[in-house]
Amino acid sequence: MFTEAQQRFIERHRVARLATAGGDGAPHAIPICFAFDGERFFTPIDEKPKRVGPSGLRRVRNIRENQLAAIVIDDYSDDWTKLAYVLVRGRAEVVDGGPAHELALRLLRERYPQYRTMVLEDLPVLVITPERVASWGAVV
């Protein structure tokens, strides 16, 4: 589904934006840390301070109501010949354990040293399975 150029672009970026919508259709977008295994994207609910517990987070509630989600990974530059993005649309799920959860934690800890000291085993991971991919600009 992904071209080699899109995969390289995704792998060299450390942050993306996740867009979800609940049953009411209200959009919600947030920056995320992510890991990509070539087929799925993983983003954790981590130990950074939050006002509510994991199940109360808007992104978690939205995914439980509406599995459709999008991720955008982009480059901005004042030199507009360097603008680029990869847009991934797919289905998201909240995973609380099992092989996908274990894989996600391993990949996330390899990618982000900060996660190596966090206790993430009892926290959910969001798994986004792409259904459509589009890219634009200088995705090289």
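The values are calculated or read from the model by the stated rules, or taken from the named source; none is laboratory data. From a predicted model like this one, the values you see are computed outputs, not experimental measurements. Heads up, the Cβs are rebuilt from the backbone with ideal geometry, glycines too, and the neighbour counts pull from every protein chain shown.
Look through Thr3, Thr20 and report the one residue that is among the polar types (S, T, N, Q), surrounded by 11 or more Cβ atoms within 10 Å (Cβ to Cβ) and in contact with a helix residue (DSSP H, G or I) (Cβ under 8 Å, 6 or more places away or on another chain).
Working: Thr3 fails: in contact with a helix residue (DSSP H, G or I) (Cβ under 8 Å, 6 or more places away or on another chain).
Just a single option satisfies the conditions, and that option is Thr20.
Of the numbered conditions (1) at pLDDT 95 or above; (2) surrounded by fewer than 17 Cβ atoms within 10 Å (Cβ to Cβ); (3) not in a strand (DSSP E or B), Ala29 fails exactly one; give the number of that condition.
Just one mismatch for Ala29, condition (3).
Mind listing whichever residues of the stretch 39-75 are at pLDDT 95 or above and either assigned to a loop (DSSP other than H, G, I, E, B) or over 17 Å from the mean Cα position of the chain (by Cα) (or both)?
Glu39, Arg40, Glu65, Asn66, Gln67
I'm checking my understanding of the structure. Among residues of the stretch 81-126 that are farther than 27 Å from Gly22 by Cα and among the aromatic types (Phe, Trp, Tyr), which one is surrounded by the fewest Cβ atoms within 10 Å (Cβ to Cβ)?
Here the residue is Tyr112.
May I ask you to list the residues in the stretch 127-140 that are in a strand (DSSP E or B) and crowded, with 16+ Cβ neighbours inside 10 Å? Working first, answer last.
Start the filter on the stretch 127-140 by keeping residues that are in a strand (DSSP E or B), which leaves 127-137.
Listed by number, the residues that qualify are Val127, Ile128, Pro130, Val133, Ser135, Gly137.
Quick check on Phe34: is it of a type outside the set (S, T, N, Q), surrounded by 10 or more Cβ atoms within 10 Å (Cβ to Cβ) and under 9 Å from the mean Cα position of the chain (by Cα)? Before the answer, list the steps.
Numbers: of a type outside the set (S, T, N, Q): yes; surrounded by 10 or more Cβ atoms within 10 Å (Cβ to Cβ): yes; under 9 Å from the mean Cα position of the chain (by Cα): yes.
Answer is yes for this residue.
Residue by residue through the stretch 37-52, note down the ones that are more than 18 Å from Ala104 (Cα to Cα) and either buried (at least 18 other Cβ atoms within 10 Å of the Cβ) or not charged (D, E, K, R) (or both). Break it down stepwise before answering.
The initial filter retains those residues of the stretch 37-52 that are more than 18 Å from Ala104 (Cα to Cα), namely 49-52.
Once the filter is applied, which keeps residues that are more than 18 Å from Ala104 (Cα to Cα) and either buried (at least 18 other Cβ atoms within 10 Å of the Cβ) or not charged (D, E, K, R) (or both), the stretch 37-52 yields Pro49, Val52.
Going by the structure shown, is Ser55 touching a helix residue (DSSP H, G or I) at 6+ places or on another chain (Cβ under 8 Å), among the hydroxyl-bearing types (Ser, Thr, Tyr) and either surrounded by 11 or more Cβ atoms within 10 Å (Cβ to Cβ) or more than 20 Å from Ile10 (Cβ to Cβ) (or both)? Full working, then the answer.
On the way: touching a helix residue (DSSP H, G or I) at 6+ places or on another chain (Cβ under 8 Å): yes; among the hydroxyl-bearing types (Ser, Thr, Tyr): yes; either surrounded by 11 or more Cβ atoms within 10 Å (Cβ to Cβ) or more than 20 Å from Ile10 (Cβ to Cβ) (or both): yes.
So Ser55 passes the test.
Of the residues Arg132, Arg89, Arg64, Arg59, only one is in contact with a Ser or Thr (Cβ under 9 Å, 6 or more places away or on another chain), among the basic types (Lys, Arg) and in contact (Cβ under 8 Å) with a residue 40 or more places away in the chain; which?
Details: Arg132 fails: in contact with a Ser or Thr (Cβ under 9 Å, 6 or more places away or on another chain); Arg89 fails: in contact with a Ser or Thr (Cβ under 9 Å, 6 or more places away or on another chain); Arg64 fails: in contact (Cβ under 8 Å) with a residue 40 or more places away in the chain.
Exactly one of Arg132, Arg89, Arg64, Arg59 is in contact with a Ser or Thr (Cβ under 9 Å, 6 or more places away or on another chain), among the basic types (Lys, Arg) and in contact (Cβ under 8 Å) with a residue 40 or more places away in the chain, namely Arg59.
Quick one: which of Leu120, Leu105, Leu87 is within 14 Å of the chain's Cα centre (by Cα), over 13 Å from Ala35 (Cα atoms) and hydrophobic (A, V, I, L, M, F, W, C)? Reasoning before the result, please.
Numbers: Leu120 fails: within 14 Å of the chain's Cα centre (by Cα); Leu105 fails: over 13 Å from Ala35 (Cα atoms).
Testing whether each residue is within 14 Å of the chain's Cα centre (by Cα), over 13 Å from Ala35 (Cα atoms) and hydrophobic (A, V, I, L, M, F, W, C) leaves just Leu87.
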